[in-house]
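Each remark here refers to the structure printed beneath this line.
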Amino acid sequence: MILALWSLSRPRMLPFVLLLPLLGAGWAHWEHRLDLVGVPRLGAVLVAWTLLHAGTLWWNAALDRDGADVLFGRAAPVPATTARAGVGALLLAVGLAAMAGPLAAAAAGGAALLSLLYSHPATAWKGHPLAGPLVNAAGYGLLSPLAGWATVQVPATPVALSAWPLLAVGLLAPTFAAQAFQGPEDAARGYRTLVVTHGPAACLRAARASLLLALAWGCGLAALGPVPRLCLLGAPAWLLVVRGLARRGREASVGPGVAQVLVLRMVAATAFTVLLAWLDLVWLAPARAGQAPGG
């Protein structure tokens with residue numbers, strides 16, 4: 001049972017999930033020009049998000065009972081205790097997040113509720129054409145970075161609020177890309193997801209549109225100054241991802257391996273953009289202020 005639950009939690013996805021609260025904490029440090037603070041609170045949030053990830057996927061596995069490979073995972077038997085283990089993980093996650101403060105606890109509670117609505121048999125929002133993608137955008141793109149921001153315990157700023165939805169819009173892209181290869185399974189379960197109603201090419205077009213909107217949004221913020229202007233150098237990396245989506249969209253079908261490569265390219269482009277922001281913070285911003293780099 002333990003081995004099955006471990007496999008169903010898709011541990012290869014976990015680093016990407018933990019990147020989201022880390023981005024939120026990093027943004028708070030950059031926005032307020034702080035040295036590293038709140039490390040114990042951030043640690044509690046990262047453990048909480050590990051449990052949220054496991055609980056979410058256990059509930060998803062209990063609903064779908066996949067018989068084929070899934071994104072960043074393989075088909076595995078679903079023990080009878082999987083749903084109960086999911087509830088326990090989600091509740092424990094909220095309790096751990098509370099150690100980082102009420103805002104982090106609220107973010108974890110919201111994410112746990114979305115997980116249940118997404119995969120509970122009575123609601124099964126994952127099979128809805130709009131609710132499913134919006135749950136992923138809100139849970140991963142809004143609540144996860146909010147939990148990371150909360151660990152720094154600084155007030156929100158207009159700049160932060162203007163950039164906050166950017167990640168949610170961008171995360172619609174991997175949601176649709178991952179959905180592109182699930183058409184037969186979703187149809188068999190009676191879901192009305194985009195891949196069922198319009199096919200894999202439509203999913204990749206939706207992923208491309210999400211990325212282009214997020215890219216335009218981010219470039220606008222960088223051009224105006226709220227986001228480090230050096231991040232504009234990351235635009236070509238994102239355009240390469242968009243080009244890859246367009247090329248795959250002309251193919252007849254998309255397998256889980258292709259979807260995984262597309263998601264990994266998005267992660268790589270994100271990491272490159274974050275690196276550019278870090279270089280701006282550590283080297284260019286102090287130089288503009290007449291200070292030693294890294295000061």
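Assorted remarks:
- Failed condition for R74, given (1) touching a Gly at 6+ places or on another chain (Cβ under 8 Å); (2) at pLDDT below 95; (3) not hydrophobic (A, V, I, L, M, F, W, C): (1)
- Filter result for A25 (in contact (Cβ under 8 Å) with a residue 12 or more places away in the chain and in a helix (DSSP H, G or I)): yes
- Residue satisfying all of: in segment 211-225; closer than 16 Å to A168 by Cβ and aliphatic (A, V, I, L, M); modelled with the lowest pLDDT among these: L221
- Checklist (1) within 30 Å of V78 (Cα to Cα); (2) of a type outside the set (A, V, I, L, M, F, W, C); (3) buried (at least 19 other Cβ atoms within 10 Å of the Cβ) applied to R41, failing item: (1)
- For segment 236-253, a residue qualifies if it is farther than 17 Å from L264 by Cβ, charged (D, E, K, R) and at pLDDT 80 or above, but none of them does.
- Top-ranked residue in segment 120-149 [being in contact (Cβ under 8 Å) with a residue 40 or more places away in the chain and more than 17 Å from the chain's Cα centre (by Cα); ranked as farthest from L172 (Cα to Cα)]: P121
- Number of residues in segment 153-176 that are over 24 Å from A201 (Cβ atoms), assigned to a helix (DSSP H, G or I) and open to solvent by 30 Å² or more (accessible area, probe 1.4 Å) equals 8.
- Counting the residues of segment 23-38 that are at pLDDT 90 or above and surrounded by fewer than 18 Cβ atoms within 10 Å (Cβ to Cβ) gives 1.
- Meets criteria (modelled with pLDDT of 90 or more and either of a type outside the set (G, A, S) or open to solvent by 50 Å² or more (accessible area, probe 1.4 Å) (or both)) for V196: yes
- Among the residues of segment 204-247, those identified as over 30 Å from F181 (Cα atoms) and without any contact (Cβ under 8 Å) to a residue 24 or more places away in the chain are C219, G220, A222, A223, L224, G225, L232.
- Residue in segment 6-21 that is crowded, with 18+ Cβ neighbours inside 10 Å and at positive phi present: yes
- Search result, residues across segment 184-202 that are of a type outside the set (A, V, I, L, M) and either touching a residue at least 40 places away in the same chain (Cβ under 8 Å) or not in a helix (DSSP H, G or I) (or both): E185, D186, R189, G190, Y191, R192, T193, T197, G199, P200
The values are calculated or read from the model by the stated rules, or taken from the named source; none is laboratory data. Given the structure is predicted, the values throughout are model-derived calculations rather than measurements. All Cβ positions, glycine included, derive from the backbone under ideal geometry; neighbour counts span all protein chains shown. When the accessible area is computed, the model is the full protein with side chains, heavy atoms only, and any ligands, DNA or RNA have been set aside. Shrake-Rupley method; radii C 1.70, N 1.55, O 1.52, S 1.80 Å.
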